[in-house]
Amino acid sequence: MVDSSTRIAIIGGGMGGLTAAIALTRIAGVHVTVFEQASRLGEVGAGVTVAPNAARVLDRLGVLERVRGSGAVPDGHGVYLDAMGNMVTDAAWEDSARQYQNIGMYRPDLIDALAHDVDPQSIRLGHRLKSVEKLESGVRVEFENGTEDVFDAVVGADGIHSVVRGAVGQHPEPVYSGYLVYRGVMDASRLPADWPMISQVWMGNSRHFMAYPLQQRRLFNFVAGIPSDRPLQGAWSGPAEVSELAAEFSGEGWDPRLQHFISLIDKTFWWGLFDHEPLTNWSRGPITLLGDAAHTMLPHQGQGVSQAIEDSMALATFLAAADTVADIPEAFRRYTAVRMQRTAILQNGSRRAGAMFDAQYEFENLRKRDADIRVGRDFRRSAVFDYDAHKVAEQALARFRRVQVA
Ligand SMILES: Cc1cc2nc3c(=O)[nH]c(=O)nc-3n(C[C@H](O)[C@H](O)[C@H](O)COP(=O)(O)OP(=O)(O)OC[C@H]3O[C@@H](n4cnc5c(N)ncnc54)[C@H](O)[C@@H]3O)c2cc1C
């Protein structure tokens, strides 16, 4: 078995990198060092949903209670509404066994909750990766601050602009979705007392607006998707005026309740939505990828972080089965084989969900679109939320072993 003498570098201290640090330490028993470019661990002040499939992994890692304690579990299923606020369908919000629910998380709270379970001595801040080089034995990582080190293996959890991705021979072009989102959080005490503590999505006129509670319901998250060519003109994100956002949902064609919600927002920023085509490979020898570095996806299924969390569990499970450092490339190869298929389906599904919310392409006919959303709810519960990343990796391991013996 690999053990604490096995040194693994995780590049990126985001939600994926920190979950990987916990999983690799607790399940595979290896020694991890997390390198983060920023001078402190942090995140943009917005929300993210930890879906039931990710909650299951966090439970196995022993960190679910802390995460749930700083997040918000909604009162029940979410709703998809038309532009005037009429119900289209309810939304999946828990797994079939009703054991795990969606958890709305303020992103800085999720980073804090995960970092709590990572040894502070193993986190190196202010380390921006410059290059990764596979050596005869081990992998050298070099940072812009002039430091370098050699590890037995490297995991690239360095996000959409990943440097590590180049070291596994992958150079995907970012694909702009044609949409930007206005994002932000508001103090929930501003909302009317009877505002439902669930996820709501208003859909209409090529745009949608989503809102759900965070931080024990003290905060409310919002994400509004708007068609725009702004990100094609330069930066991918920036500050925005609330009046711009309000103008996108003004007029008699939009639910006055939604307009009231928007009138209570005091701060927002915009964010261009990009993904990339599924990669053709994630691993080369003792170097592999995880999270957005491996599979940036559009946010419309709320699965980006959740997939990074699933990746972490699968990677740790395959690594735990490696007898020696020499077996790590095979562990990474197996991890890639299992994870690439799952995440490619969700990358594609996230594009499709965005097209549904915004009545694009084949979803222009709203009656048919609404029927598709209803069907998608059941798929989401069974295929997405019920997925057990640990069980799937264990079953794959058993199959890999049978093939080896045969
Ligand atoms: C509007 C929006 C809404 C979303 N909503 C959801 C949701 O509801 N549910 C969900 O599951 N997902 C959601 N996502 C997706 C989610 O944010 C990402 O999938 C997730 O952040 C990926 O985590 P990661 O750790 O892989 O990458 P990141 O969060 O990008 O973290 C990468 C880390 O690596 C560091 N880094 C980068 N380059 C280097 C380098 N060269 N050297 C050292 N460090 C480096 C960065 O500073 C960062 O800390 C949403 C995304 C958007 C844009």
Per the filter on the stretch 348-371, residues crowded, with 16+ Cβ neighbours inside 10 Å and either among the β-branched types (Val, Ile, Thr) or in a helix (DSSP H, G or I) (or both) are Gly349, Ser350, Arg351, Arg352, Ala353, Gly354, Ala355, Met356, Phe357, Phe363, Arg369, Asp370
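For the stretch 278-297, which positions are assigned to a loop (DSSP other than H, G, I, E, B), more than 8 Å from the ligand (Cβ to nearest atom) and either among the charged types (D, E, K, R) or more than 13 Å from Gly349 (Cα to Cα) (or both)? Quick ask: steps written out before the conclusion?
To start, the set of residues in the stretch 278-297 that are assigned to a loop (DSSP other than H, G, I, E, B) comprises 278-283, 285-286, 290-291, 296-297.
Now narrow it down to the ones that are more than 8 Å from the ligand (Cβ to nearest atom): 278-283, 285-286.
Once the filter is applied, which keeps residues that are assigned to a loop (DSSP other than H, G, I, E, B), more than 8 Å from the ligand (Cβ to nearest atom) and either among the charged types (D, E, K, R) or more than 13 Å from Gly349 (Cα to Cα) (or both), the stretch 278-297 yields Leu279, Thr280, Asn281, Trp282, Ser283, Gly285, Pro286.
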Got a number for residues in the stretch 298-325 being aliphatic (A, V, I, L, M), more than 7 Å from the ligand (Cβ to nearest atom) and within 16 Å of Val50 (Cβ to Cβ)?
-> 2
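Just for the stretch 1-11: of the residues that are over 15 Å from Asp117 (Cβ atoms) and touching a residue at least 60 places away in the same chain (Cβ under 8 Å), which one is farthest from the ligand (Cβ to nearest atom)?
The initial filter retains those residues of the stretch 1-11 that are over 15 Å from Asp117 (Cβ atoms), namely 1-9, 11.
When the remaining residues are screened for being touching a residue at least 60 places away in the same chain (Cβ under 8 Å), the result is 1-2, 6-9, 11.
Working: Met1: 27, Val2: 23, Thr6: 21, Arg7: 17, Ile8: 15, Ala9: 10, Ile11: 5 Å.
Once the filter is applied, the top-ranked residue is Met1.
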What number of residues within the stretch 107-159 are charged (D, E, K, R) and at positive phi?
-> 0
Across (1) modelled with pLDDT of 90 or more; (2) among the basic types (Lys, Arg); (3) under 23 Å from the mean Cα position of the chain (by Cα), Arg377 clears everything bar (1)
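Would you say Phe261 is at pLDDT 95 or above, under 28 Å from Ser4 (Cα atoms), more than 18 Å from the chain's Cα centre (by Cα) and surrounded by 19 or more Cβ atoms within 10 Å (Cβ to Cβ)? Steps first, please.
Values: at pLDDT 95 or above: yes; under 28 Å from Ser4 (Cα atoms): no; more than 18 Å from the chain's Cα centre (by Cα): yes; surrounded by 19 or more Cβ atoms within 10 Å (Cβ to Cβ): yes.
Considered against the rule, which asks whether it is at pLDDT 95 or above, under 28 Å from Ser4 (Cα atoms), more than 18 Å from the chain's Cα centre (by Cα) and surrounded by 19 or more Cβ atoms within 10 Å (Cβ to Cβ), Phe261 comes out as no.
Using the structure shown, decide if Gly14 is of a type outside the set (A, V, I, L, M) and more than 12 Å from the ligand (Cβ to nearest atom).
Details: of a type outside the set (A, V, I, L, M): yes; more than 12 Å from the ligand (Cβ to nearest atom): no.
No, not satisfied.
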Among Ala97, Ala54, which is the only one that is farther than 20 Å from Asp187 by Cβ, small (Gly, Ala, Ser) and more than 16 Å from the chain's Cα centre (by Cα)?
-> Ala97
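Give the residues of the stretch 45-59 that are assigned to a loop (DSSP other than H, G, I, E, B) and near the ligand (Cβ under 9 Å from one of its atoms), sorted by residue number. Give the derivation first.
Initially, the stretch 45-59 is screened for residues assigned to a loop (DSSP other than H, G, I, E, B), giving 45-46, 51.
Ala46, Ala51, listed by residue number.
Yes or no, residue by residue, for (1) over 28 Å from Ala320 (Cα atoms); (2) under 21 Å from the mean Cα position of the chain (by Cα); (3) assigned to a loop (DSSP other than H, G, I, E, B):
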{"residue": "Met1", "(1), (2), (3)": "no, no, yes"}
{"residue": "Ser5", "(1), (2), (3)": "no, no, yes"}
{"residue": "Gly16", "(1), (2), (3)": "no, yes, no"}
{"residue": "Thr19", "(1), (2), (3)": "no, yes, no"}
{"residue": "Glu65", "(1), (2), (3)": "no, yes, no"}
{"residue": "Arg68", "(1), (2), (3)": "no, yes, no"}
{"residue": "Gly76", "(1), (2), (3)": "yes, no, yes"}
State all residues of the stretch 21-36 that are assigned to a loop (DSSP other than H, G, I, E, B) and within 9 Å of the ligand (Cβ to nearest atom); if no residue qualifies, say none.
-> Glu36
Test each condition in (1) within 13 Å of the ligand (Cβ to nearest atom); (2) closer than 30 Å to Ser250 by Cβ; (3) among the hydroxyl-bearing types (Ser, Thr, Tyr) for Ser39 and report the one that comes out false.
-> (2)
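In this structure, does Ile309 turn out to be modelled with pLDDT of 95 or more, under 26 Å from Met15 (Cβ atoms) and not in a loop (DSSP other than H, G, I, E, B)? Outline the logic, then answer.
Numbers: modelled with pLDDT of 95 or more: yes; under 26 Å from Met15 (Cβ atoms): yes; not in a loop (DSSP other than H, G, I, E, B): yes.
Taking the combined requirement at face value, the residue satisfies it.
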Residues of the stretch 378-396 being assigned to a helix (DSSP H, G or I) and buried (at least 17 other Cβ atoms within 10 Å of the Cβ), in sequence order, are Arg380, Arg381, Val384, Phe385, Ala389, His390, Val392, Ala393, Ala396
Only residues that are crowded, with 20+ Cβ neighbours inside 10 Å and among the β-branched types (Val, Ile, Thr): list them for the stretch 303-340, please.
-> Val305, Ile309, Thr317, Ile328, Thr336, Val338
Please indicate, with yes or no, whether at least one residue in the stretch 258-274 is without any contact (Cβ under 8 Å) to a residue 12 or more places away in the chain and farther than 25 Å from Gly349 by Cβ.
-> no
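The values are calculated or read from the model by the stated rules, or taken from the named source; none is laboratory data. As the structure is a computational prediction, the values presented were derived from the model and not from experiment. Every residue, glycine among them, receives a Cβ derived from its backbone with ideal geometry; neighbour counts consider all protein chains shown.
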